[in-house]
2 protein chains.
Amino acid sequence: MNTYALTLSYEGLDFSGFARQKDDHITTVQGTLEQALATVLRLDTLPQTICAGRTDAGVHALSQVVSFELPGPGLDTTQCGQIVRSLNALTPASMSVRDLHLACGGFSARFDAISREYRYYIFNEPYPPTFAGGFAWHVPQKLNLDALRYAADYLLGEHDFRSFCTSSSAPAEKNTVREITTIEVLEHSFLGEQLITIRIVGNAFLHSMVRIIVGTLCEVAQGKRTPDDVLAILAAKDRSLAGQTAPAQGLIFHRVEYPAECFIV
Amino acid sequence: MNTYALTLSYEGLDFSGFARQKDDHITTVQGTLEQALATVLRLDTLPQTICAGRTDAGVHALSQVVSFELPGPGLDTTQCGQIVRSLNALTPASMSVRDLHLACGGFSARFDAISREYRYYIFNEPYPPTFAGGFAWHVPQKLNLDALRYAADYLLGEHDFRSFCTSSSAPAEKNTVREITTIEVLEHSFLGEQLITIRIVGNAFLHSMVRIIVGTLCEVAQGKRTPDDVLAILAAKDRSLAGQTAPAQGLIFHRVEYPAECFIV
């Protein structure tokens, strides 16, 4: 058996999330990808894929990484390139396989990841976005980005992020400590439409953590809460005290990092 | 009567071009906008709108400007803002009104324009784009941007662009001389997907001129033609010698410029 790493992008709107569901009629990223891999590689059973970051329905990915094992000798670069082209011919336009290569034995896209980056895009104009409509949250009221940055700094470092996690997925005994290494607020032009970009990098993330952080920071930027409220919310370890979950369409799983040795085979 | 200037964005895919068509069942930008204006302003007849740059089916606009006249006293900034919000509530998500204001009497979005800027976006990777799919032309073969820039420079200045114009729209007697003041080739990130951007500014453009220029320059960048071929194509004044018309979805009518005095009322 050999282990492979596959990188793919997808537009979240077209999928009911990453994870395969029991009902095969529900279109998921994992289901679509595994079926395409089985067809292209002529496998009798679907390969078991593991992803770097499970995304919910509507959430996009730029560089999602997926690992899986295949029987037979290791495929070389040319063979991998042909498989990528075949996969792209087979999968819908809302999914694009960017790369496939051999990884070291036992590589796991999930457990070997050392950092993950998410980006959340906000369109902050009184009129609605046109081009960025499917990729951004439209917040018409002017946001105070200085207050947003001030509040964001409180989240840097290692904390128990229980308040920033969907409550059903965090039973009392579960470890909800994570480390955020970067939160940056940038402005990007998206075909001429200006987007506020909240860039969050950390070791790992809880369910809906980025969206609850963004929803809370936006309430600070709208003056509904003070930056210091974020400290109190963190300390309370209570989801009900944090802000709303920002909508899925503004979130992109941007990239994931692995130790270089994972790919020295 | 007072004259107004309205700025709007739209996603081309959802419209059969800008220009209203005789068949009211065909969805056009102009038809949708005029109907929305009549509803919001409670007009008995549709206002007659004039646009800065007519776009074909599938072509997008970031800052299209439209002029029209309205009876009654001049509307102030607050009233204009309310009308913009009402128009956005009424029009589909693929259209967004950004601004409305009073212009000087007789202002024409078309005839008063002193320069127009188009941007053409190309995704130049072996795999297909995900986020930029609806806004870029996917060219999988690596493009030589130095050759593209070299060829583009031949198009700068005042020329007879008959070779770069849909032949049916250029009868022998029609003036096909236009001036291009800037052609720049830039690289932009679109939510992390790198796009080659061809930025073209000129006084006015012929039918399909930008798309035929881009199609021809891409053939140079693919090594199918030399940069010097562009000189020969210009001189020949024959559409059949130029390259293909690049697809509509990569083109955005980016902005238009007017003398400041058009808006001093």
Quiz item: With every protein chain present, what is the per residue accessible area of the protein assembly as shown (1.4 Å probe, Å²)?
Solution: 44 Å²
Quiz prompt | Axis proximity, chain A to B: residue whose C-beta lies nearest, plus whole-Å distance | solution = A:190, 3
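Determine the sum of side-chain charges near residue B:182: Lys and Arg each +1, Asp and Glu each -1, restricted to other residues whose C-beta is under 10 angstrom from that of residue B:182.
The answer is -1.
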Quiz item: Which residues, if any, in the range B:90-115 have at least 30 Å² less accessible area in the whole protein complex than in the isolated chain, probe 1.4 Å?
Solution: B:96, B:98
Exercise. Note every residue of the range A:171-216 with a reduction of at least 10 square angstrom in accessible area, all protein chains present versus the isolated chain, computed with a 1.4 Å probe, or write none.
Key: A:189, A:190, A:191, A:192, A:193
Quiz prompt | Value of [θ]222 nm, deg cm²/dmol, for chain B, DSSP H segments ≥ 4, -39500 (n - 2.57) each, nearest 500 | solution = -6500 deg cm²/dmol
Quiz item: How much of the accessible area of chain A, in percent, comes from carbon and sulfur atoms when a 1.4 Å probe is used?
Solution: 50 percent
Quiz item: Between residue A:21 and the same site in the other copies, what are the distances in nm, shortest first, taking label points 7 Å from Cα along the C-beta direction?
Solution: 3.7
Quiz item: residue A:114 versus residue B:260, label points 7 Å from Cα toward the beta carbon: distance in nm?
Solution: 5.5 nm
Quiz item: Residue farthest toward the positive end of the dipole of chain B, with Cβ of Lys/Arg at +1 and Asp/Glu at -1: which of B:157, B:189, B:244?
Solution: B:244
Self-check item: Longest exposed-site-free window of chain B, the sites being trypsin sites (Lys or Arg not before Pro) in a DSSP loop that have at most 15 other C-beta atoms within 10 Å
Solution: B:43-109
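Ballpark to the nearest 100 Å², how much total accessible area do B and A bury together, probe 1.4 Å?
Using a 1.4 Å probe on protein heavy atoms, the buried area is about 2200 Å².
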Quiz item: Can you give the net charge of the other residues whose Cβ lies under 13 Å from the Cβ of residue B:227, counting K and R as +1 and D and E as -1?
Solution: -2
Quiz prompt | Projected label distance in nm at residue A:70 and residue A:207, using a 7 Å step from Cα toward the beta-carbon | solution = 3.3 nm
Quiz prompt | Shape of the protein assembly as shown, Cα gyration tensor, a/c cut at 1.5 | solution = oblate
Quiz item: Taking the simple approach of a point 7 Å from Cα along Cα-to-Cβ for both residue B:93 and residue A:153, what is their distance in nm?
Solution: 3.7 nm
Quiz item: Roughly what % of DSSP beta bridges within the range A:77-200 run antiparallel, to the nearest 5?
Solution: 90 percent
Self-check item: Inter-copy separations for residue A:228, label at 7 Å along Cα-Cβ, nm, ascending
Solution: 7.5
Practice problem: Measure out, as a whole number of angstrom, how far apart the alpha-carbon centroids of the range B:115-162 and the range B:12-37 sit. | Solution: 28 Å
Self-check item: Summed residue charge, Cβ within 14 Å of residue B:67's Cβ, Lys/Arg positive, Asp/Glu negative
Solution: -2
Exercise. Report, for residue B:39, each distance to the same residue's label point in the other copies, shortest first and in nm; define the point 7 Å along Cα→Cβ.
Key: 4.1
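The values are calculated or read from the model by the stated rules, or taken from the named source; none is laboratory data. Treat the numbers as computed from the prediction; the structure is a model and nothing was measured. Glycine also receives a Cβ, built like all others from the backbone with ideal geometry; neighbour counts cover every protein chain displayed. Each accessible area value is taken on the protein alone, full model and side chains, heavy atoms only, with ligands, DNA and RNA left out. Shrake-Rupley method; radii C 1.70, N 1.55, O 1.52, S 1.80 Å.
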